[in-house]
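Scroll down for the structure; my scribbles are underneath it.
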RNA sequence: GGUGAGAUGGAUGAGUGGCUGAAAUCAGCAGUUUGCUAAACUGCCGUACGGGUCAAACUGUACCGAGGGUUCGAAUCCCUCUCUCACCGCCA
């Protein structure tokens, strides 16, 4: 969530920026500022009363010790009177704090100045593109047909055992998946990211920390017996490693990478976009995450974009990088770059990575701070990105590299896969 | 699943009703000493929200796993919950 101080000090600027994100409930900003002023007044009053009670309690102790029982009793009635005022003040303070928090939860992160205005994905801005779109033979087929032809993935079997969107990868399909994970993790750790293999379920505190709750509750699988959520991305467990942590400046930046399956209910999405590997309820992904000083997050974002770009280039896939417009960005993000690869048989761009700077929005929720050289505490900035999401990479690799007699793998994968082609 | 023990500041760990926001030790920071390093010595060293200030100093309140309760007063007593550890059972 945004810091109330920022809302207060830059009210008009914040409102303007929020409009870039198509956030229209600007009255919430004024409301929360007014509530916070109330909160301060209430707290000052309450603190003063509590101070008199504390003072009186000490007096009573002394009076009792001195044997002056009657005066002690008088002081006690004074305390009792003060307490009558304290109770309602406490109640309204709690109420104010809750209202403030619930409003702050409803206000999305402000976009950075580079973020283009716009409402739909069509208004995203292409930053650059690379690679060459292959020319396929006339009989080229989409990946779901290739998956069947070479016995790589069985969608129907997944339907039977679990439900749609939970495919089985089999034989060379499973091995290719495993090779990709291994390659991605190696690529990331070589760039200085520390590998984590996180829990695949998280508790509610963690889901709040990274912002999945309360706004995206319906997107996650929930295990009511234990009140756990299946993770929709490794970002959730890995970023929460530093929830409620006060770091030393010298410890930053923290660079982490993690493989995990991702579980998404994808409620309300049907139709043509969900065919094959394009949209699944369970898929695999390797994520990169950084926790950095605020002054460095802009540079680090670009560094992460370049990192992902190199990874895609090494797979020899045609790609483009988009800077998302305000309307297409996530709630907690300040700026997001999407990576898409061109799936030649489907003749479609497929999103395979999304790299975002959350600035202090997640950090404020998670209370992740660092102590600077002067001993002052500041919120960190958090960033994350996919490096990479597996299914659409696999779909594109299969489609773009198909020949009549097989599917050639890019060089970097051959040693991992143990063969040059499928 | 059963039984028992526990949860205190960055860490270890004292503290059973007022003198405790919290001993001591370690770690950390600053300085003195020192040919360098090490050692020794001195000082500082929790967080949040307020007041105050240009900024400090200073100052109020809250916080000893979480939430309630008893009391003039709670880290300390009572209740509930969560988590951790140990042993047993089960098990990849």
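The values are calculated or read from the model by the stated rules, or taken from the named source; none is laboratory data. Quick caveat: nothing in here was measured; it's all calculated off a predicted structure. We place every Cβ from the backbone using ideal geometry, glycine too, and count neighbours over all the protein chains shown.
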For this session: State yes or no: is residue A:90 modelled with pLDDT under 90, over 25 Å from the mean Cα position of the chain (by Cα) and more than 29 Å from residue A:331 (Cα to Cα)?
Result: yes
Seminar exercise, completed: Of the residues in region A:152-168, those that are closer than 20 Å to residue A:142 by Cβ and free of Cβ contacts under 8 Å to residues at least 60 places away in the same chain come to A:154, A:156, A:157, A:158, A:159, A:168
For this session: From A:28, A:84, grab the single residue that is more than 9 Å from RNA strand B (Cβ to nearest atom) and at pLDDT below 90.
Result: A:84
Seminar exercise, completed: Within region A:204-244, the residues that are in contact with a strand residue (DSSP E or B) (Cβ under 6 Å, 6 or more places away or on another chain), more than 19 Å from residue A:290 (Cα to Cα) and either within 16 Å of RNA strand B (Cβ to nearest atom) or assigned to a strand (DSSP E or B) (or both) are A:222, A:228, A:229, A:230
Exercise. Which is within 20 Å of residue A:104 (Cα to Cα) and either surrounded by 15 or more Cβ atoms within 10 Å (Cβ to Cβ) or touching a strand residue (DSSP E or B) at 6+ places or on another chain (Cβ under 8 Å) (or both), of A:3, A:45, A:16?
Worked result: A:3
Seminar exercise, completed: Out of (1) closer than 18 Å to residue A:359 by Cα; (2) in contact (Cβ under 8 Å) with a residue 12 or more places away in the chain; (3) within 11 Å of RNA strand B (Cβ to nearest atom), the one residue A:49 does not meet is (1)
Problem set entry | Whichever residue in region A:93-103 is in contact (Cβ under 8 Å) with a residue 12 or more places away in the chain and under 17 Å from residue A:43 (Cβ atoms) and, among such residues, is farthest from the chain's Cα centre (by Cα) | A:93
For this session: Give me a count of the residues in region A:20-31 that are in a helix (DSSP H, G or I) and without any contact (Cβ under 8 Å) to a residue 60 or more places away in the chain.
Result: 2
For this session: Using the structure shown, decide if residue A:71 is more than 30 Å from the chain's Cα centre (by Cα), outside any loop (DSSP other than H, G, I, E, B) and either modelled with pLDDT under 90 or farther than 30 Å from residue A:213 by Cβ (or both).
Result: yes
